[in-house]
Amino acid sequence: MEEDLFQLRQLPVVKFRRTGESARSDEDGISGEHEVHIEGVRTELEPVELEDGAAVPKEFANPTDDTFMVEDAVEAIGFGKFQWKLSVITGLAWANAMEMMILSILAPQLHCEWRLPSWQVALLTSVVFVGMMSSSTLWGNISDQYGRKTGLKISVLWTLYYGILSGFAPVYSWILVLRGLVGFGIGGVPQSVTLYAEFLPMKARAKCILLIEVFWALGTVFEVLLAVLVMPTLGWRWLLVLSALPLLLFAALCFWLPESARYDVLSGNQEKALATLKRIATDNGAPMPLGKLVVSRQEDRGKMRDLFTPHFRWTTLLLWFIWFSNAFSYYGLVLLTTEFFQAGDVCSISSRRQEVKAKCSLTCEYLTEEDYTDLLWTTLSEFPGVLVTLWIIDRIGRKKTMALSFLVFSFCSLLLFLCVGRNVLTVLLFIARAFISGGFQAAYVYTPEVYPTATRALGLGTCSGMARVGALITPFIAQVLLESSVYLTLVVYSGCCLLAALASCFLPIETQGRGLQESSHKEWGQEMVGRGSQSPG
C-alpha cells in the first residue's frame, strides 16, 4: 500500500482551464479550474504549456471538465473533411464575383447595341452598388435573427433568380431595375464568411478565409474567359444567364449546408448544435469532447445598438472607415487603370481626357480581344495579393496586415506622380492592386473574429454596406476629378489610405490567436484565449 501511494505521488497531474472562462474572469474561483485533492498526495497541478494557438490533444478531450463549449468542440475536432467540403460550397457562393465582373463587359456592349449615352452606362454600374449598400445591413440582421444558413440561402437564390431574369430584359429600364435587384442579393453573400468562420478552428481560420477569397478571383477570371467564348457568338444575354452557373450549383448543394452550431447554441437549440458537432466529428474522424454542451445565455440578436456598446464603439467606427477606404481605393484603382493604360502614362492623361470630351458621347467602341486580355491580366493581380496576405497575416497580426496593405498602396499611388513608362506603370498598378485586395481580404478575416456571435453577421453586414458607399463615391474621384487634376486625384486616394492605415493601428482589439467570442455580456476575449498562449492572471 505504501509503495502504491509512493508511485501515485510521482505521477504528474494535468490541469485544464475550461475555455469558457478567462484567467480574468471573476468566476475562476467557483468553476474555473478543477483540482483533485487526495490526502497525503501533493495537490498542486502541473500546467501543460501548449504552443500558441495549438489545440488540446484529442486524446485528452476535456478529461477533467463535465461541460464544454462550441469553441472547445471545434478546437478538439480540428480541421478535416467537413471543412474541405464547406470550403467548396461557400466558395461557390463567393464566386458571385462573376456578377460584378460582368459590369465591365456588359456596359460597352449595351452602349453600342442600345445606343446609350455615357451617363446611362454609368448608372447601370452604380445601381448594383446601390442595391448592395441598401441590403448589406438587412442581410446581416436576418442572419443574426434567423440563422446564417437561412440568410445566405435566401440571398444566393435571390441573386440567382434576378441574375437569370436580367438576361431577358427587353429595354434599358428593365435591365436597370433587374441589375439593382441583383445587387440587393449580392449584399448578403458576404454572410458566407460568417458561416464559414464559425466552423473553423482558431489556428486555421485566417488561412481558410483567405483561401475562399480565391474563389472571388477565380470567378472574375472565369467571367472574362466565358465572355471571350460567348460574346462573339451568343451575345450578352447568354452571358448573363451562364454567369449564374456557380450560384445555381450552390443552390443545388446547399441542402448539405449545416446551420452554425454557435448560432444554434445562442438561440437555445442545444440538441441541434450538438447534432451538428457530432456530424463534424464523424466526418473528420475525431472524438467529441466529453461532458455536456454548455448553453449560452439567451441574448437579443442582430441589434444595431450592440455594435456601439463601450467595448465595440471604437472598433465599429474604425472598421467602417477601413472598409470604406478599401472599396473606395480598390474600385478607384480599377477605374484609373483603364485611363492610365489608354493614355500611356500619367503625364499624358490630361490631354487625352480633353480629346475624349470633344467626342460624341454616343461614340461606340466594342471590346476587342486585346481588351479582354488586359482585363484578364489585371484580374490576375488578385492572386499575389492573396498569397502575400496569407504569408503575413498570422506572423504580424490582422491589424498590422491591414495597415501594411494600405501603406504599400499609398506609396505606389505617390510614385505615379512620376512620368514613368508603361512597363513601370503596369508594375506599380499591379503591386497596388495586389496589396489593396490583400487588405480587403484581411478585413474579411478580422471582422467576423472581433464581434460576438449575437452581432457577428450584423457587424459584417454594416461594414460591407460602408464599403459600398466607398464604391459609389469613387467614380466621382477617378473619373470626374481626374478631368480637373490627375495629381489631386492621386493625393485623395493616397491620403485616404494613409488615414486607413492609422485607423488599422488604432483598432483596440487584435484577434490573432483568439477564439471567437460567444457572448456580448463578457469582456472581449473571455470566451477563449489561445490555449497556452496566455498565462493565468
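The values are calculated or read from the model by the stated rules, or taken from the named source; none is laboratory data. Computed from a predicted model, the values in this text were never measured in an experiment. No Cβ is skipped: glycine too gets one built from the backbone with ideal geometry, and neighbour counts run over all protein chains shown. All accessible areas refer to the heavy atoms of the entire protein, side chains included, with ligands and DNA or RNA removed. Shrake-Rupley method; radii C 1.70, N 1.55, O 1.52, S 1.80 Å.
Quick look at the values:
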read-out	value
Residue-level accessible surface for M466, protein heavy atoms, 1.4 Å, Å²	60
Distant-in-sequence amide H partners of L293 (H built 1.01 Å from N, under 5 Å)	F68
Gain in span if fully extended, K81 to V424, counting 0.36 nm per residue against the direct Cα distance	119.0 nm
Probe 1.4 Å, all protein chains present, accessible-area order of C112, C419, largest first	C419, C112
Accessible surface, per residue, of the range 68-295 when the full set of protein chains is kept, probe 1.4 Å, Å²	35
Vicinal HN-Hα couplings computed from phi for the range 248-256 (Karplus, 6.51 cos²θ - 1.76 cosθ + 1.60; Hz; Gly/Pro x)	5, 5, 4, 4, 6, 9, 5, 5, 6
Gain upon complete extension [F255, L380; 0.36 nm per residue less C-alpha separation]	41.7 nm
Calculated FRET efficiency for the pair L225/W391, C-beta based, R₀ 30 Å, to 0.05	0.60
Charge context of A442, other residues only, Cβ under 13 angstrom, K/R +1, D/E -1	+2
Extension gain from S173 to R313, taking 0.36 nm per residue of separation minus the Cα-Cα distance	46.3 nm
Accessible surface of K85 - all protein chains present, 1.4 Å probe, nearest 10 Å²	70
Accessible-area composition of the range 68-295, carbon plus sulfur, in percent [1.4 Å probe]	72
Per-residue SASA entry for D66, accessible area with 1.4 Å probe, Å² rounded to 10	100
Global geometry of the range 68-295, whether rounded, prolate or oblate, following the gyration tensor of its Cα atoms and the 1.5 cut on a/c	prolate
Rounded, prolate or oblate (a/c below 1.5 giving rounded, otherwise prolate when a/b exceeds b/c) for the range 174-256 by Cα gyration tensor	prolate
Spacing of the two label points (7 Å from each Cα toward its C-beta) at F476 and R279, in nm	4.7
Backbone HN-Hα couplings from phi across the range 177-183 [Karplus 6.51/-1.76/1.60, Hz, Gly and Pro as x]	5, 5, 5, x, 5, 4, x
Largest-first ordering by accessible area, 1.4 Å probe, given options L138, L307	L138, L307
Around A93: net Lys/Arg minus Asp/Glu count, Cβ-Cβ under 13 Å	+1
